[in-house]
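*Asks:* I am attaching a structure below and will ask some questions about it afterwards.
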Amino acid sequence: LINAWTETPTKWYPLPLAVGALLLVAMQYRKKVKRASKEVHVDEDGMEVIRLKGPWHVHVIGALPLRYISRLWGHVNSLELPVWFRPIGFRLYAVAFGCNLDEIEPSDLRAYRSLGDFFYRKLKPGARPVDDAILVSPADGRMLHFGTIEDLHIEQVKGITYSLDALLGVEHPKSRISVHSTLAHEHNRDMSVVDDREFANVNGIDYSLDQLIGGSSTPGTPTSEDMPASPVATPLKFGAQIDASVVEPERSIQETLVHDASVALEMGFKASVPLTGGKRRSTSGTSVKPGNALYFSVIYLAPGDYHRFHSPTAWVVEKRRHFVGELYSVSPYMAKRLENLFVLNERVALLGRWRHGFFSMIPVGATNVGSIKINFDQALSTNVRGRPPPPGTYTEAVYAAASPILNGQPLTAAQEMGGFCLG
Amino acid sequence: STIVLVFEAPDDFEFTVKAGQKVKVGQRLGD
C-alpha cells in the first residue's frame, strides 16, 4: 500500500463530455424532486391539499393498513390475562418501557385485567404536584418542540412545517350545518351570540346580559350560527352531523357553580373574548390580539408513559373537532421524515379560550394508541372501522351546554381530561 | 401519541423547558 501510494504516478486527463452532461442531468433531476416535494397543492378554495410526503420508506409504511393494525392491536391487548401472569407480565413491561410502578393506583398489579387496562392506569393522588405557572404540562412525556407560530405555520421539526389551518380545521361556510349539544337541546337553552354589547357583573364574573336573561332568538335547537363568539371559526361540517353529549360531572349544582367560578376567576374571565379584528387572522378563524402571539408546543408520550392527559391551564373548551385520519407512528423518527404527520393522523382538536385569548389542545393518535378519550364527551368515538374521509375533514361538537355562564366545558389546571388507549 | 398545544399569549411569554426535556403532568411549561 505504501509503495502504491508513493510510487504510482498521478496522471491527469479530462473527463469525457458525456460524464459531465450526465452529472448535470443528475443534479437537475435532484433539484426537481426536491422542488416537487416542497410543492403545495391547493384545492378550489385555495386550501392546501394534505398528502403523504417523505422518503420511500415513509410511502411503504403509508401503504400498510395502519388503522386496521391499530384496532387489531387494541383488541389483542384488551384480552383478559390470567391473574397469575399479570404481575410478571406488567413488571416485564415496566422494565422494558420504564414505568414507575410505585406511583400507580391501584398498586396491586393483579387488578389490571389486560395490558390495555394497565396502559390506561391511574396515578396515586398527589403523584404529580401542580406548579402555579399559567401553563403546565398536560401529560407525562418528552417536549419535542415548541416556539412561536410564524405565518400560521407550525414547525414539526427543523425545516418541516405544517399549516395551522390544516391542524385545527378551516372555515367553509358552504358546508356549514347545525351542530348542537344534546343537553343544550334538552334544556331548550338559548344560545344567543355573545358580543360586546351588554355585560352584567356578579361576584366579579362578567357575562353577557343575553346569557343572563336569555336572548331574543327563537328557543329550540341552537345552530352553529347561534353559538357564542369564539376565537375560532364558525363550525363547519364535512362528516356526519353529530350531537355532543356533554357529560355532566357527578356533583351538586353548588359544587358545579364553585368549580365554574374558580375556573372563571383563574382565567380572569370574560364571557366574550373579542378576538375578531386582531392583527392576524387565518382561515381557521384563529386570530391574535395586538401585543400577543401564537405559540405551540408538542409533547410526545412514549409507550411506557402515563397515558392520561390533563388540562394544561384554566380554560374553557368551547368545541371539539374530530379529524378522522391515518394512524402513522408519531415517534421522533417519523416526525423527522413524514411531512404533515400531525395533520394526516387522527386527532381531536379541542378549541376554546383562556385568560390570554385563544387556546387549543390537540391529542394526536398513533398506530399503537389510536383511541382518544375525552372524559366529558360521550359522543366522541375514535379509530372506528371504515375508510377515513379525505384529510382536513372533520365533525364538530360544541360544549356550550356544559356551563351556562362560561359557554363551554370549564377546566382547572391539571384536571384530568381524558387519555389515549391502546388500539 | 402526541399532544400539540396551540395558544395565544402575550409577546413576552416564555417557555421554561428545553426541547427534548422529559416533562410530567403539572410541571411548569412556561410563564
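Any read-out appearing in this document is the output of simple, stated calculations on the displayed coordinates, not a laboratory observation. All values reported here derive from a predicted model rather than from experimental measurement. Using ideal geometry, Cβ is built from the backbone for each residue, glycine included, and neighbour counts are taken over all protein chains shown.
*Asks:* Mind listing P(r) for segment A:325-394? All alpha-carbon pairs, 5 Å bins, whole percents.
*Replies:* Each 5 Å bin holds this share of Cα pairs: 3, 15, 23, 24, 17, 11, 6, 1.
*Asks:* Just the Kirkwood number for segment A:362-423, please: inverse of mean 1/r across all distinct Cα pairs, in Å, one decimal.
*Replies:* Numbers: mean 1/r = 0.0735 Å⁻¹.
For segment A:362-423, inverting the mean 1/r across all distinct Cα pairs yields 13.6 Å.
*Asks:* How much length, in nm to one decimal, is gained on full extension between A:Val60 and A:Phe97, taken as 0.36 nm per residue of separation minus their Cα-Cα distance?
*Replies:* Values: separation 37, 0.36 × 37 = 13.32 nm, distance 2.69 nm.
Net length gain for the segment: 10.6 nm.
*Asks:* Do me a favour and compute the ellipsoid semi-axes for segment A:1-150 from its Cα gyration tensor, root of five times each eigenvalue, largest one first, whole Å. Before the final figure, lay out the partial values.
*Replies:* Working: eigenvalues 573, 154, 91 Å².
So the three semi-axes of segment A:1-150 are 54, 28, 21 Å.
*Asks:* Follow-up question, since we're still on this one. Give me the net charge for the shell around A:Pro388: Cβ to Cβ below 13 angstrom, other residues only, Lys and Arg +1, Asp and Glu -1.
*Replies:* Working: positive: A:Arg67, A:Arg71, A:Arg347, A:Arg385, A:Arg387; negative: A:Glu326, A:Glu346.
Counting the neighbours of A:Pro388, the net charge comes to +3.
*Asks:* Points 7 angstrom from Cα along the Cβ direction at A:Gln415 and A:Leu15: gap in nanometres?
*Replies:* Label-label distance for A:Gln415 and A:Leu15, simple model: 6.7 nm.
*Asks:* How do A:Val76, A:Val316 line up, fewest other C-beta atoms within 10 Å first? If you can, show how the numbers build up before the last one.
*Replies:* Values: A:Val76 13, A:Val316 26.
In increasing order of surrounding Cβ atoms, one gets A:Val76, A:Val316.
*Asks:* Taking other Cβ within 10 Å of each residue's Cβ, how do A:Ser107, A:Ser311 sort, fewest first?
*Replies:* Values: A:Ser107 10, A:Ser311 24.
Ascending Cβ contact count within 10 Å gives the list A:Ser107, A:Ser311.
*Asks:* Quick check: from the Cα gyration tensor, does segment A:289-410 come out rounded (a/c under 1.5), prolate or oblate? Show your work: numbers first, answer last.
*Replies:* Working: a/c = 1.72, a/b = 1.37, b/c = 1.26.
It is prolate, given that a/c is not under 1.5 and a/b is the larger ratio.
*Asks:* On to the next question. In what order do A:Asp151, A:Asp305, B:Asp31 fall by count of nearby beta-carbon atoms within 10 Å, going from fewest to most?
*Replies:* Numbers: A:Asp151 9, A:Asp305 23, B:Asp31 15.
Placing the least packed residue first, the sequence is A:Asp151, B:Asp31, A:Asp305.
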